[in-house]
Amino acid sequence: MSAEGYHHIEGGSNWLFDSPILSAQAASELTSPLVLMRQLGLAVSAENVSDEERRLLGKQLTLTSERALRLAASLSMTTANQQSLPLEPVNPMSICQEVVHELMPMFTAYGKRITLKPRSRVPLTVANRKALMRILLAFGDNALHYGSAEHPIQLAISGHGDKVRIGVRDYGPAVPTDLWKRLEGRVQRRALAPLSNRPHTSGVSLIAVQRLAELMDSAVGTIRHRDGATFYVDLRVSGQMSLL
Amino acid sequence: MSTVLVIESEPWLGDHYQRQLEARGYKVTRASHAYTAIDSVDETPPVAIIMSLLLDGPGALNLLHELQSYTDTAKIPIIVCSSMADLDLDELSPYGVKRIINSTSMHPGDIVAAVRSVTIDL
């Protein structure tokens, strides 16, 4: 019998973005990369650092700032006052390739790997290209510390009836089955503690991706595995091809 | 050579602490979560522990409890590095915490100074 759990989230996070509650949580989560950037900056300017170390520290600074900027970009896109996003037919494979390409330098710098499961004949989906990118980048950023060179983080596309699912599989600590509900509760209670067991998983980014999915009339969710979790987004298959 | 255990789940931050300590002659062992931290303490008892409060899996408080459960590990002074502004040393001292360093404002040298201050009587 499979030990995998399944949880699907739909609808209802608008209230989060109508109040300043989330900004406190976001400020708290952005503190971590900023602390790291400050320490790296201090290390770069130290006197007894070799040229090689300085190059490494500079690269770490850049990658850490890019990661923080990705979180900020997701939040920015989410908090814009809009009820929906323009949708278009999107090739999920090309989006996944872009995501892997963007995240690869950071994973490599941490000695980790991120891969895309090969698949032929992937149907077009209905999505907002930028929002889908943000969702998958957030899943990838959150998974960074929960993979290894031996167990790479993997993006996979699968068909589920009239839906296409894009999942990001990691090997981190277990996630609760009511993950998003708990996150909303924490934000509502102003409980700024990080996600239990997974301090490197940004709760704010998960709330943001839930909102982005809603704006695309799609849904995000998690699957529990014995040795990790898959965070996924379900998208409608585009009917464009059937008209040809 | 005195050993300091650095428990930090963000590897680049851990590297940064390690560089500072090694530059001052300390041997550094590393752990990224509670399980490896306990193993490391058993293998190479450190003169001090530097730890983050954000750890994967069993949290930092569980680890602090575990360390306080044994007479030998309970004596190891602990330095907490955290960006949480509301940490109170009085609340954490029963867990063996001797110093709290605010990671949002710390400078190079603060880590080494803290280790020296908590090991001066050892």
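Remarks
- Tally of residues being facing chain B (nearest Cβ under 8 Å) and free of Cβ contacts under 8 Å to residues at least 24 places away in the same chain across the stretch A:35-52: 7
- Across the stretch B:48-63, the number of residues qualifying as assigned to a strand (DSSP E or B) and either out of contact with any strand residue (DSSP E or B) (no Cβ under 8 Å at 6 or more places or on another chain) or more than 9 Å from chain A (Cβ to nearest Cβ) (or both) comes to 4.
- If only residues of the stretch A:152-194 that are of a type in the set (A, V, I, L, M, F, W, C) and in a helix (DSSP H, G or I) are counted, the one that is modelled with the lowest pLDDT is A:VAL187.
- Counted residues, the stretch B:34-47 - those being assigned to a helix (DSSP H, G or I) and either crowded, with 21+ Cβ neighbours inside 10 Å or hydroxyl-bearing (Ser, Thr, Tyr) (or both): 6
- For the stretch B:66-84, the candidate set comprises residues that are out of contact with any helix residue (DSSP H, G or I) (no Cβ under 8 Å at 6 or more places or on another chain) and assigned to a loop (DSSP other than H, G, I, E, B); within that set, the residue that is nearest to the other protein chains (Cβ to nearest Cβ) is B:MET84.
- Residue count for the stretch A:193-239, restricted to those that are small (Gly, Ala, Ser), within 14 Å of chain B (Cβ to nearest Cβ) and more than 27 Å from A:ALA27 (Cα to Cα): 1
- Candidate set: the stretch B:20-33, residues that are in a helix (DSSP H, G or I) and within 11 Å of chain A (Cβ to nearest Cβ); chosen: the one nearest to A:LEU34 (Cα to Cα): B:GLN20
- Of the listed requirements (1) assigned to a helix (DSSP H, G or I); (2) in contact (Cβ under 8 Å) with a residue 24 or more places away in the chain; (3) away from chain A (no Cβ under 14 Å), B:TYR17 misses just one: (3).
- Residue in the stretch A:152-161 that is within 13 Å of chain B (Cβ to nearest Cβ) and more than 16 Å from A:ILE95 (Cα to Cα) present: no
- Scope the stretch A:124-151; condition part of a loop (DSSP other than H, G, I, E, B), surrounded by fewer than 17 Cβ atoms within 10 Å (Cβ to Cβ) and away from every other protein chain (no Cβ under 14 Å); matching residues: A:GLU150, A:HIS151
- Every residue from the stretch B:101-121 that is among the hydrophobic types (A, V, I, L, M, F, W, C), out of contact with any Phe, Trp or Tyr (no Cβ under 9 Å at 6 or more places or on another chain) and more than 19 Å from A:LEU34 (Cα to Cα): B:ALA113, B:ALA114, B:VAL118, B:ILE120
- B:LEU5 buried (at least 19 other Cβ atoms within 10 Å of the Cβ), outside any helix (DSSP H, G or I) and not small (Gly, Ala, Ser): yes
- Any hit, the stretch B:71-80, residues being touching a strand residue (DSSP E or B) at 6+ places or on another chain (Cβ under 7 Å), closer than 19 Å to A:ARG38 by Cβ and not polar (S, T, N, Q): yes
The values are calculated or read from the model by the stated rules, or taken from the named source; none is laboratory data. Bear in mind that the values here come from a model prediction, so they are computed numbers and not experimental data. Neighbour counts run over all protein chains shown; Cβ positions are idealised from the backbone, glycine included.
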